[in-house]
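Note sheet for the following structure.
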Amino acid sequence: MAILPEGFSVPPLPYLAALLVAVGVVAAAAVRRRPAVTPRRVLAFVPWMVFGSAAHVLYVVDALPPLLRPLGGTAAVYLAVGALGVGTFVAADARAGDAVALVLAGLGSLLVAVTVADALFVGAVRGTLAPLVPAVGLVAAAVVAAAAWAVLIRAYPAARLTGAVGFLAVFGHALDAVSTAVGVDLLGFGERTPLSRAIIEFAATLPTEPYLGTVWLFVLVKLVIASGIVALFVDYVREDPAEGYALLGFVAAVGLGPGAHNLLLFTVLGGA
């Protein structure tokens with residue numbers, strides 16, 4: 001069975017080479033500088049996660065300038081935004097003193113504002129803008145994440161140690177799961193990731209389908225896995241907070257990025 005999502009591709013060789021060089025330079029600078037990783041700084045990367053998602057939406061709806069379009073594909077956008085975000089983090093750590101998180105979140109938020117506004121403008125011009133259902137999906141994801149977090153810390157109180165970053169990881173994957181449910185069961189979109197699609201197709205064969213739809217099992221699996229990972233990270237965060245929070249932030253990004261992409265794409269395209 002295929003593992004990579006449909007549409008996954010690498011950019012043309014010159015862009016790929018430039019991206020790999022950029023990633024290498026930024027990684028070397030981060031290793032050399034070793035900026036402190038704190039929960040506040042990890043949370044400051046949230047706008048960057050959304051920025052990458054919004055940039056990919058512009059790629060999907062063919063709204064990126066030709067020069068930037070090769071950087072918006074599934075593989076390239078992760079490398080490009082990661083290099084830019086971590087590079088900003090390293091530079092801010094060297095120059096911004098105690099304002100690192102503020103600088104990081106501020107620049108990321110500015111980029112999000114520009115890309116999201118551009119995507120919404122495209123939807124408005126094309127007459128496909130439909131924000132209501134995705135907005136309801138966002139609220140539902142927040143409620144589901146809060147419920148999952150409450151269950152997690154009740155079943156395993158030590159999970160509280162992961163704090164806001166742990167909750168972000170649960171919320172990110174709740175957003176991915178609920179947005180998938182919105183897209184598949186309410187708006188008629190398909191699921192591009194083969195493993196996720198297999199779970200959804202299996203749930204469609206169950207007698208619960210007329211009542212719960214086809215994605216409820218995928219939502220449950222995502223929440224259980226995300227909660228389990230957060231629980232497993234408790235000792236890691238306790239023994240090595242910097243690495244623990246950094247990796248937990250990455251876990252959050254793996255869910256939050258696709259979830260934000262889904263909701264913005266559904267907003268721009270409606271049910272089209």
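Each reported figure results from applying straightforward, stated rules to the coordinates on display, with no laboratory input. Quantities reported herein were computed from a predicted structural model and do not represent experimental measurements. All Cβ positions, even for glycine, are placed from backbone atoms using ideal geometry, and neighbour counts span all protein chains on display.
For the chain, what is the charge dipole size about the Cα centre, in debye to the nearest 20, if Lys and Arg each add +1 at the Cβ and Asp and Glu each add -1 at the Cβ? Numbers along the way, then the final one.
Numbers: 14 positive and 14 negative charges, 108 e Å.
In total the dipole reaches around 520 debye.
Based on the mean of other Cβ atoms within 10 Å per residue, sort peptides 222-235, 248-261 so the most packed one is first.
Details: 222-235: 18.9, 248-261: 23.3.
Put in order of decreasing packing, that is 248-261, 222-235.
Dividing the Cα convex hull volume of the chain by residue count, how many Å³ per residue is that?
Values: hull volume 37.0 nm³, N = 272.
Convex hull volume per residue, Cα atoms: 136 Å³.
Using alpha-carbon pairs under 8 Å, 6+ residues apart, how would you state the relative contact order of region 7-127 in percent?
Values: 114 pairs, mean separation 47.3, N = 121.
Once divided by the residue count of region 7-127, the mean separation gives 39 percent.
May I ask you to derive the FRET efficiency for Glu201 and Ala117 from their Cβ-Cβ distance with R0 = 41 Å, giving the value to the nearest 0.05? Please list the in-between numbers first.
On the way: r = 36 Å, r/R0 = 0.89.
That gives a FRET efficiency of 0.65.
Assuming 0.36 nm per residue, please report the length gained on full extension of the stretch Tyr236 to Tyr78 beyond their Cα-Cα distance. Spell out each step's value before the answer.
On the way: separation 158, 0.36 × 158 = 56.88 nm, distance 2.53 nm.
Separation in residues times 0.36 nm, less the Cα-Cα distance, equals 54.3 nm.
Long-range amide H contacts for Gly72: which residues qualify at under 5 Å (H placed 1.01 Å from N, peptide plane, sequence gap of 5 or more or a different chain)?
none
By counting other Cβ atoms within 10 Å of each Cβ, how are Trp149, Trp48, Trp216 ranked from fewest to most?
Values: Trp149 22, Trp48 25, Trp216 18.
Ordered from fewest to most neighbouring Cβ atoms within 10 Å, Trp149, Trp48, Trp216 come out as Trp216, Trp149, Trp48.
³J(HN,Hα) across region 194-204 via Karplus (A = 6.51, B = -1.76, C = 1.60, θ = phi - 60°), whole Hz, x for Gly/Pro?
x, 5, 4, 4, 5, 5, 5, 5, 5, 5, 5
Can you work out ³J(HN,Hα) from phi for every residue in region 47-60, in order, using Karplus 6.51 cos²θ - 1.76 cosθ + 1.60 and θ = phi - 60°, giving whole Hz and x for Gly and Pro?
Each residue of region 47-60 in turn: x, 5, 4, 6, 4, x, 5, 5, 4, 5, 4, 4, 5, 5 Hz.
Using each residue's phi in region 82-87, evaluate 6.51 cos²θ - 1.76 cosθ + 1.60 at θ = phi - 60° and report the 3J(HN,Hα) Karplus result to the nearest Hz, with x for Gly and Pro.
Each residue of region 82-87 in turn: x, 5, 5, x, 5, x Hz.
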